[in-house]
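Beneath this line is the structure, given in structure tokens, with notes to follow.
The values are calculated or read from the model by the stated rules, or taken from the named source; none is laboratory data. Because the structure is predicted, anything quoted here is derived from the model rather than measured. Protein only, heavy atoms only, side chains kept; ligands, DNA and RNA dropped before computing areas. Shrake-Rupley method; radii C 1.70, N 1.55, O 1.52, S 1.80 Å.
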Amino acid sequence: IDLLSLWVVSSPSQVKWALNDKDDGILAVTRRWKDTGKIRHLGFSTHGYCESILDMINSGLFEYINLHHHYFGDYHATGTMQGWDTPGKKPDAATQDKTKSVNSGHQNVLQRQEGTWACVQRAKELDMGILGISPIDKGGRLYQPSSTVARTLGPTMSPIAFACLYAWQQAGIDTLTVGFARPADLDELMEAVELLRNEKESKKAWLSAHGRFQELAERKLGKEWKERSLLHLPTCFEPCTMGVSIGHTLWCYNLLMSFGMYKQAKALYFNLETSNTWNYKKSWEENVSKMARGNPGRSYDSKVDLTDALKHHMDPNGAMIKIKNIHELINTKSTHTQEQLKALGWDDAYDLRAWIEFPDTERMSKKKLKFIIQAITGIDLGIGGGSGTRPHAFAQEVRERLASIPV
């Protein structure tokens with residue numbers, strides 16, 4: 001195997017598990033596999049926060065990373081500090097030197113102090129392969145951009161090309177994952193590739209568009225809120241939050257208010273609302289341990305007092321108001337007419353999806369959708385409760401067929 005990756009190492013407990021060097025730990029096993037030539041490279045994927053991701057990177061054990069890093073925000077890592085700048089904790093000299101090293105020699109045009117920028121740059125320093133997850137979907141739902149995003153970019157390049165150029169030229173990501181259902185879905189990606197052929201002109205055009213986005217965000221949010229609203233926030237894995245993803249929620253607020261990204265913010269917040277529930281009869285540790293690996297954190301809960309969680313924020317009262325406001329605007333029960341969205345600049349510019357593979361899935365119950373997936377695959381894919389004997393038998397059959405093929 002050329003590359004073996006640990007899947008979705010996100011929470012602090014998962015990082016601790018991954019870095020456990022005991023004889024019966026995952027590292028000991030993978031080392032034996034590397035020593036015997038069964039695998040060549042070891043990597044990991046993550047939906048985690050900056051500090052946890054840096055712990056994995058700085059272990060020096062991995063040669064590949066698969067993470068979210070996007071122009072419009074870094075998914076679950078948005079609103080988390082760059083490794084050392086944790087609320088209430090001052091970095092020592094060695095840690096400051098490490099962070100300076102991460103940022104030296106790189107043009108951080110966004111001047112981010114949160115998210116995964118430091119993770120990407122540290123991985124580059126260590127010559128790790130870097131794969132960016134979902135720059136077109138989780139990076140902004142850019143196949144269906146808001147009218148505000150499309151107008152701000154203008155005719156120079158598409159939103160998809162803009163996001164890809166950021167990843168390649170500014171962040172230095174090696175590979176991007178893009179989903180497509182038909183060849184035409186790659187047109188905007190190939191547009192970005194063509195722009196790359198003239199690096200000087202494409203950088204000039206990109207920086208001009210970036211400047212327009214920054215001016216718009218400052219006008220809509222205010223300079224101080226734009227620059228500092230996602231700093232000094234605890235992660236959902238800290239007890240003071242009771243699992244509420246504060247950074248993620250304020251990020252949704254900023255996306256909607258600055259760039260009119262209503263569909264994106266609503267989809268992101270939907271994941272927080274539906275991925276994790278909180279049982280107040282159980283302990284904090286029990287609840288956190290059951291959080292979804294790929295979607296940690298939960299949405300705003302009026303039962304939770306976030307006073308302590310927001311005490312290091314630039315504007316605790318303002319942040320609390322905005323958290324409640326965005327919850328009211330984009331929760332699953334909230335609706336807006338097309339006329340309302342257009343008046344606010346929150347409507348879609350266009351939708352590149354020519355057709356939907358499974359029609360009406362957004363209106364279909366999850367139970368029905370899972371049944372359809374099971375019927376199509378012929379195995380238990382899509383059915384909850386864990387895999388049964390049929391998919392295991394199918395997997396074994398595939399292995400045996402592959403083993404029988406002459407090399």
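How long is the gain from E285 to H312 if the chain were fully straight, where each residue apart is worth 0.36 nm and the alpha carbon distance is subtracted?
So the chain would gain 7.4 nm between E285 and H312.
Accessible area of the range 142-222 with a 1.4 Å probe: how many percent of it is carbon plus sulfur?
Of all accessible area on the range 142-222, carbon and sulfur atoms account for 53 percent.
Averaged per residue, what accessible area in Å² does the range 207-325 show with a 1.4 Å probe, protein chains only?
Accessible area per residue, the range 207-325: 44 Å².
Per residue, how much accessible area does the range 1-66 show when a 1.4 Å probe rolls over the protein heavy atoms, in square angstrom?
Result: 53 Å² per residue.
Residue separation times 0.36 nm, minus the C-alpha to C-alpha distance between S5 and K22: what's the value?
This chain segment gains 4.2 nm when fully extended.
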